[in-house]
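To start, the structure under review is shown below, and the notes come after it.
Any read-out appearing in this document is the output of simple, stated calculations on the displayed coordinates, not a laboratory observation. In this text the structure is predicted, and so the values were computed from the model without any measurement. Neighbour counts run over all protein chains shown; Cβ positions are idealised from the backbone, glycine included.
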Amino acid sequence: MNYKLRSIVERGIEIILQACSWVTSLTILLIVIFLFKEGFSLFRKSSLEEGSVLVLHKSNPLNKINDTDLKNIFDQSITDWSEVGGDSVPITLFRIDDIGNYFTDEELGDTLQNISVCIGKLIDSIPGTIAFVPENYVNETYIKAHPEFNGKLIEVPHIKVSDFFAGKEWLPTAHPIAQMGALPLILGTLWVSLIAILFALPLGLSVAIYISEIAHFRVRNVLKPLIELLSGIPSVVLGFFGLVVVVPFVQHWFNLPVGETALTGSIILAIMALPTIITLSDDAIRNTPKTMKESSFALGANHWQTIRYVILPYSISGISAAAILGIGRAIGETMAVLMVTGNAAVIPHSILEPIRTIPATIAAELGEAPQGGVHYSALFALACVLFVISFGINLSVDLIGAKNKKNKF
């Protein structure tokens with residue numbers, strides 16, 4: 001009877017554990033699906049400000065204009081329609097806020113109808129006008145209902161994948177056309193993370209070798225808890241440390257106008273990644289079978305030769321796992337990087353220039369992005385990029401570790 005009861009209990013526990021596994025896996029899958037669904041919705045939207053339209057004179061041959069040309073027009077880098085495939089007519093910019101410069105209060109009145117009529121008069125009198133106005137003043141319904149209106153709506157194409165990944169300007173709140181170039185953010189993320197790992201991995205691996213193979217057990221018993229304690233420091237505290245100590249040091253040492261640079265962010269990220277790299281590398285090294293070490297010594301190898309040719313090759317998979325988690329910590333970090341890198345969304349050419357990372361951008365802008373808007377979707381697209389980068393790093397390092405392990409045996 002006791003045996004049957006125990007079997008039932010064990011079976012129940014097995015079902016519960018299996019259900020928990022499926023629920024966890026399904027939750028992760030749904031999160032990934034939601035992430036990519038929101039992110040890819042960006043490429044079904046126009047970068048023109050939501051709720052606004054662009055109106056041209058009917059005689060203008062253009063029916064479509066890309067966002068780059070439109071930005072140059074409103075920046076006044078392009079001043080004639082012939083530069084974008086139209087007639088040789090000077091371009092006149094008009095925003096709804098400028099309407100008081102053309103019409104009196106009596107002419108404008110206090111109704112939408114009067115303002116729409118005034119917009120039509122302006123476009124009729126200045127054929128080279130491009131009007132950026134709310135769509136409740138001028139829309140397709142209004143134009144069809146008023147044949148005397150000499151304006152037409154111009155189409156702005158959807159954001160292209162190539163423009164998002166290769167674009168060099170990140171100005172998601174620019175008017176009238178948002179610039180969604182993610183290249184500076186992607187390069188900034190990779191730049192600061194790579195430098196951080198170049199700092200952290202050699203130092204962390206060296207400390208791990210010392211603690212596991214060289215240090216006296218009393219020294220190890222002191223150093224190991226201190227290193228693990230470092231991983232419990234909140235990132236915002238390390239950010240303050242970087243802001244108060246590392247930023248002035250970098251600024252003074254390199255004689256820079258500001259100390260918030262990619263180098264500063266890399267130093268802070270390296271500090272944050274060290275505990276993970278040291279702890280996991282130490283565990284991997286200490287898991288080397290004692291018989292392998294003794295065999296190496298029996299063949300005449302000294303301690304350093306054993307470390308180099310026996311211990312490190314055997315523990316390469318664990319060291320690779322340490323590198324994975326260290327890189328993941330560096331790439332996904334938000335607050336510390338947000339505080340010390342300068343947050344300049346520009347393509348970095350030096351480690352002594354300010355940069356901006358993808359996690360910092362999402363953290364800084366998500367709260368002010370209208371839900372469902374272009375800016376909101378662009379931030380989710382950035383999150384998809386971050387997910388792919390992290391997944392790719394994990395996969396590649398896992399493959400390298402598996403290959404090394406296979407070659408070892």
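General observations
- Comparing Tyr102, Tyr210, Tyr314 in a Gaussian network model of the chain where C-alpha atoms under 10 Å apart are linked, the largest mean-square fluctuation is found at Tyr102.
- Remark on Glu155: its backbone amide H falls under 5 Å from those of Lys64, Ile65, a criterion applied only to residues 5 or more positions apart or on other chains, H modelled at 1.01 Å from N.
- Over 22 Å between alpha carbons, listed pairs Lys37/Lys168; Lys121/Lys144; Lys64/Lys152; Lys71/Lys160; Lys121/Lys152: Lys37/Lys168
- For the chain, the alpha-carbon radius of gyration amounts to 1.40 times the rule-of-thumb value 2.2 N^0.38 Å expected for a compact globular protein.
- Once the chain from Ser350 to Glu155 is taken as fully extended at 0.36 nm per residue, the excess over their C-alpha distance is 66.3 nm.
- Peptides 268-280, 47-59, 73-85 ranked from most to least packed give 268-280, 47-59, 73-85, packing being the mean of other C-beta atoms within 10 angstrom over each peptide's residues.
- Cα-based helix-to-principal-axis angle, 374-408 vs the chain, degrees rounded to 10: 30
- Dividing the Cα radius of gyration of region 139-202 by 2.2 N^0.38 Å, with N the residue count, gives 1.98.
- Whole-Å semi-axes of the ellipsoid equivalent to region 89-187 (Cα gyration tensor, √5λ, descending): 33, 15, 13
- Spread over its residues, the convex hull of the C-alpha atoms of region 54-124 is 99 Å³ per residue.
- Computed 3J(HN,Hα) for region 350-357, one whole-Hz value per residue from the Karplus formula 6.51 cos²θ - 1.76 cosθ + 1.60 where θ = phi - 60°, is 7, 6, 9, 10, x, 9, 9, 9, glycine and proline marked x.
- Taking other Cβ atoms within 10 Å as a rough exposure proxy, Glu213, Glu155, Glu368 sort from fewest to most as Glu368, Glu155, Glu213.
- Among Phe217, Phe249, Phe132, a tally of other beta-carbon atoms within 10 Å of each Cβ gives an order, fewest to most, of Phe217, Phe249, Phe132.
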